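The values are calculated or read from the model by the stated rules, or taken from the named source; none is laboratory data. None of these values were measured; they are calculated from a predicted model. Don't worry about glycine lacking a Cβ; one is built from the backbone with ideal geometry, like all the others, and counts go over all protein chains shown. Surface areas here come from the heavy atoms of the whole protein model, side chains and all, with no ligands, DNA or RNA. Shrake-Rupley method; radii C 1.70, N 1.55, O 1.52, S 1.80 Å.
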Amino acid sequence: MQAGVHTSSVRSLRYGWLAYALGERTTPRLKQNSKIITLDGNLSSGKGALAQKLADKLGMLYMPEPDTFYLDKMTGEKEPLPVDFNGMCSLEKFYTDPKAADGNSYRLQMWMYTMRLLQYADALEHLLTTGQGVILERSPFSDTVFLEAMFKEGYIRKECVQHYNEIKGISICEFLPPHLVIYVDLPAEDVQKKLKQSGKSYLQNVPLTYLKSIEDSYKKSFLPKISETSEVLAYDATQAQDVERVVEDIDYLKFEKGPWLEQDDVTYHHMRMLVEDKQKVATLTHIPKFLPEITIGAHDYDEKYYAYKSVYPGDWHHFLHVSRSR
């Protein structure tokens, strides 16, 4: 059985059909910097530091890259809930045992795509509701670089790639791409050195071939594709430290391509209706297909379901989990 996600809203007033009927419109609040900008690059490439500085310079909201516990943060948890309630996957396990027989690697990949999708929905909601632009680290559009690298390294099966592409095909089309993608280029060899210096034990032995695969996927697959609909700026890690230069380059962009140019208050209305409904957003990633990596037995499903319900006796609907076998 495919399951969805529902996040309890902390807002006391939500946008809806009535607000639109009473005259609420989006376009009047959109200004020059009402943009979605994503910072992309390999692990430890410096994209996070640049994202924060750009947000400060441009007066935009900075949203750091989501982790496996993004759902907990959305719902206001003080402490992360157990992994059983967070995709049943582990980032640390992926780096220490990427070929784990229990399918952890693909569960992690699928879960992170869903978290990126939810965060992107949050970013769009913020932009359309307030007019303030948003800067993100990566996005569901660039998430595929990890899938391709995992498959190339033999961490996941061909069936997982097919499942992911099917899921992405029916979900990403509901969202407008970023206005601008900024790519920070750091050679894989330098990335590996920085990871070894990070102090995180699980990042000490990330294979160079995996890091090279991520780099190749960015340059040969993602960037050429996204450039069809989004502006793209690329810098090496040293250039990326010159925030003033990056801001100047952004100012020169004309933003004359992509589906954002075709939007009006009617389409913005429908987009706002979608992105504020996080259960609907997450449900986009569910299809009734058996895949061992993301499927658990009915007894395990019930056990985890009731365990979660005991934690959230009054609001258990936002429990997101893997498929249950029939």
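Taking the numbered list (1) in contact (Cβ under 8 Å) with a residue 24 or more places away in the chain; (2) surrounded by fewer than 20 Cβ atoms within 10 Å (Cβ to Cβ) in turn, residue 183 passes all entries but (2).
Figure legend. Inter-residue proximity from region 135-151: first residues basic (Lys, Arg), second residues open to solvent by 10 Å² or more (accessible area, probe 1.4 Å), beta-carbon distance below 6 Å, spacing 6+ or different chains. Indicated pairs: 138/65.
Within region 14-62, the set of residues being surrounded by 18 or more Cβ atoms within 10 Å (Cβ to Cβ), assigned to a helix (DSSP H, G or I), out of contact with any helix residue (DSSP H, G or I) (no Cβ under 6 Å at 6 or more places or on another chain) and not aliphatic (A, V, I, L, M) comprises 47 only.
Counting only residues that are assigned to a helix (DSSP H, G or I), β-branched (Val, Ile, Thr), open to solvent by less than 30 Å² (accessible area, probe 1.4 Å) and under 26 Å from residue 75 (Cβ atoms), how many does region 245-292 have? If you could, list the steps in order and put the result at the bottom.
Residues of region 245-292 assigned to a helix (DSSP H, G or I): 245-252, 259-262, 265-275, 278-283, 292.
Going one step further and asking which of them are β-branched (Val, Ile, Thr), we end up with 246-247, 250, 266-267, 275, 281, 283.
Subset that is open to solvent by less than 30 Å² (accessible area, probe 1.4 Å): 246-247, 250, 275, 281.
After this cut, where a residue has to be under 26 Å from residue 75 (Cβ atoms) as well, the list is 275, 281.
Total meeting the criteria: 2.
Taking residues in region 23-47 that are within 17 Å of residue 65 (Cα to Cα), and partners anywhere that are outside any helix (DSSP H, G or I) and among the aromatic types (Phe, Trp, Tyr), the pairs with Cβ atoms closer than 7 Å and at least 6 places apart or on different chains are 40/183; 41/183. Within region 205-228, the residues that satisfy the criterion of being touching a Phe, Trp or Tyr at 6+ places or on another chain (Cβ under 9 Å) and open to solvent by 30 Å² or more (accessible area, probe 1.4 Å) are 205, 219, 225.
Here is a yes/no grid of residues against (1) more than 26 Å from residue 110 (Cβ to Cβ); (2) at pLDDT below 80; (3) in contact with a Lys or Arg (Cβ under 7 Å, 6 or more places away or on another chain):
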{"site": "261", "(1), (2), (3)": "yes, no, no"}
{"site": "266", "(1), (2), (3)": "yes, no, no"}
{"site": "274", "(1), (2), (3)": "no, no, yes"}
{"site": "284", "(1), (2), (3)": "no, no, no"}
{"site": "288", "(1), (2), (3)": "no, no, no"}
{"site": "293", "(1), (2), (3)": "no, no, yes"}
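Within region 229-244, the residues that satisfy the criterion of being crowded, with 19+ Cβ neighbours inside 10 Å and either without any contact (Cβ under 8 Å) to a residue 12 or more places away in the chain or part of a loop (DSSP other than H, G, I, E, B) (or both) are 230, 237.
Restricting attention to region 67-77, does a residue exist that is among the polar types (S, T, N, Q), surrounded by 15 or more Cβ atoms within 10 Å (Cβ to Cβ) and not in a loop (DSSP other than H, G, I, E, B)?
So in region 67-77, the residues among the polar types (S, T, N, Q) come out as 68, 75.
After this cut, where a residue has to be surrounded by 15 or more Cβ atoms within 10 Å (Cβ to Cβ) as well, the list is 68, 75.
Then drop every residue that is not not in a loop (DSSP other than H, G, I, E, B), which leaves none.
Within region 67-77, not a single residue is among the polar types (S, T, N, Q), surrounded by 15 or more Cβ atoms within 10 Å (Cβ to Cβ) and not in a loop (DSSP other than H, G, I, E, B).
Which residues, taken from region 190-204, are assigned to a helix (DSSP H, G or I), open to solvent by 80 Å² or more (accessible area, probe 1.4 Å) and not polar (S, T, N, Q)? Before you say what the answer is, go through the steps one by one.
Restricting attention to region 190-204, the residues satisfying the condition of being assigned to a helix (DSSP H, G or I) are 190-196, 201-203.
Those left that are additionally open to solvent by 80 Å² or more (accessible area, probe 1.4 Å): 193-194, 196, 201.
Selection gives 193, 194, 196.
Sub-6 Å Cβ pairs linking a first residue in region 189-206 that is within 11 Å of residue 43 (Cα to Cα) to a second residue that is hydrophobic (A, V, I, L, M, F, W, C) and open to solvent by 50 Å² or more (accessible area, probe 1.4 Å), at least 6 apart or interchain, are 192/208, ordered by first then second residue. Could you check region 82-170 for helices (runs of 4 or more DSSP H) lying wholly inside it with 2 or more residues that are modelled with pLDDT of 95 or more and open to solvent by less than 20 Å² (accessible area, probe 1.4 Å)? It comes to 104-130, 144-152. Checking the stated criteria, residue 57 turns out to be over 29 Å from residue 205 (Cα atoms), among the basic types (Lys, Arg) and touching a residue at least 24 places away in the same chain (Cβ under 8 Å).
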